[in-house]
Amino acid sequence: MYTDEEKKECLVSMGEAMQILGVKWSFWVIGELANAPLRFNELRRNLKGISTKSLSDVLRRLEQARIVHREVFPTVPVTVEYSLTDKGTDFLRVYSAMHDWGEKWTGPDHY
C-alpha cells in the first residue's frame, strides 16, 4: 500500500497533469499529432467542430507544457507545423492505456 505522503505526491502530480491534459480538445490534438506533424489548418480540418480560437489556445497550452513543438518555416506565407515532443510522445503510452480501458469498460453494457 501507499503511505499518506506517497498518496499526496501522487495526487499532486495527477492534478498537475490534468491541468494541462484536462483541457477540452487536448486529447484529440495529441491523438492527431501521434501519427505525424501537422500544420494548423490540417489539424483544424481533422478536428471537425473545433474553432480556430480553441485550437490556438490548446496548441499554445500544450506548447507551454512542452508536449507539442511548434516549428515556423520561413515561407511565403509562413508555414507553421506542430509535432509531439519527447514528452508528448511519452504520453502516448497513457493515451493508449486510456483507450484500452475505455474500449473494455464503456458502452451501454457498462453503465
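The values are calculated or read from the model by the stated rules, or taken from the named source; none is laboratory data. Here the structure is a predicted model, which means the values were calculated and not measured. Ideal geometry is used to build each Cβ from the backbone, glycine not excepted, and the neighbour counts take in all protein chains shown. In case anyone asks, the SASA skips ligands and DNA or RNA and just uses the protein heavy atoms, side chains included. Shrake-Rupley method; radii C 1.70, N 1.55, O 1.52, S 1.80 Å.
Closer than 19 Å to A65 by Cα, touching a strand residue (DSSP E or B) at 6+ places or on another chain (Cβ under 9 Å), open to solvent by less than 40 Å² (accessible area, probe 1.4 Å) and assigned to a helix (DSSP H, G or I) - does that describe any residue in the stretch 14-30? Yes; the residues of the stretch 14-30 include at least one that is closer than 19 Å to A65 by Cα, touching a strand residue (DSSP E or B) at 6+ places or on another chain (Cβ under 9 Å), open to solvent by less than 40 Å² (accessible area, probe 1.4 Å) and assigned to a helix (DSSP H, G or I). Per the listing R66, R93, R70, the residue uniquely open to solvent by 90 Å² or more (accessible area, probe 1.4 Å), at pLDDT below 95 and charged (D, E, K, R) is R93. Pairs are defined by a Cβ separation below 6 Å, a sequence spacing of at least 6 or placement on different chains, a first member in the stretch 87-110 that is of a type outside the set (S, T, Y), and a second member that is open to solvent by 100 Å² or more (accessible area, probe 1.4 Å); the pairs so defined are K87/R66. Looking across the stretch 73-87 at every residue that is open to solvent by 70 Å² or more (accessible area, probe 1.4 Å) and under 17 Å from the mean Cα position of the chain (by Cα), the one that is nearest to I20 (Cα to Cα) is identified as K87.
Out of curiosity, is E42 at pLDDT below 95 and not in a loop (DSSP other than H, G, I, E, B)? Spell out the reasoning first.
On the way: at pLDDT below 95: no; not in a loop (DSSP other than H, G, I, E, B): yes.
Answer is no for this residue.
Residue under question is I67, and the condition is that it be under 23 Å from S13 (Cβ atoms) and aliphatic (A, V, I, L, M); does it hold? Give the steps one after another, and end with the answer.
Working: under 23 Å from S13 (Cβ atoms): yes; aliphatic (A, V, I, L, M): yes.
Spelling it out, I67 is indeed under 23 Å from S13 (Cβ atoms) and aliphatic (A, V, I, L, M).
What do you reckon, is I50 open to solvent by less than 90 Å² (accessible area, probe 1.4 Å) and in a helix (DSSP H, G or I)? Give the derivation first.
Values: open to solvent by less than 90 Å² (accessible area, probe 1.4 Å): yes; in a helix (DSSP H, G or I): no.
The answer is no for I50.
Among the criteria (1) assigned to a helix (DSSP H, G or I); (2) within 21 Å of R93 (Cβ to Cβ); (3) open to solvent by 50 Å² or more (accessible area, probe 1.4 Å); (4) modelled with pLDDT under 95, the one N35 does not fulfil is (1). Of all residues in the stretch 15-41, those that are free of Cβ contacts under 8 Å to residues at least 24 places away in the same chain have Cβ atoms under 7 Å from Cβ atoms of residues that are surrounded by 13 or more Cβ atoms within 10 Å (Cβ to Cβ) and outside any helix (DSSP H, G or I), 6 or more apart or on another chain, in W28/L47; E32/L38; E32/L47.
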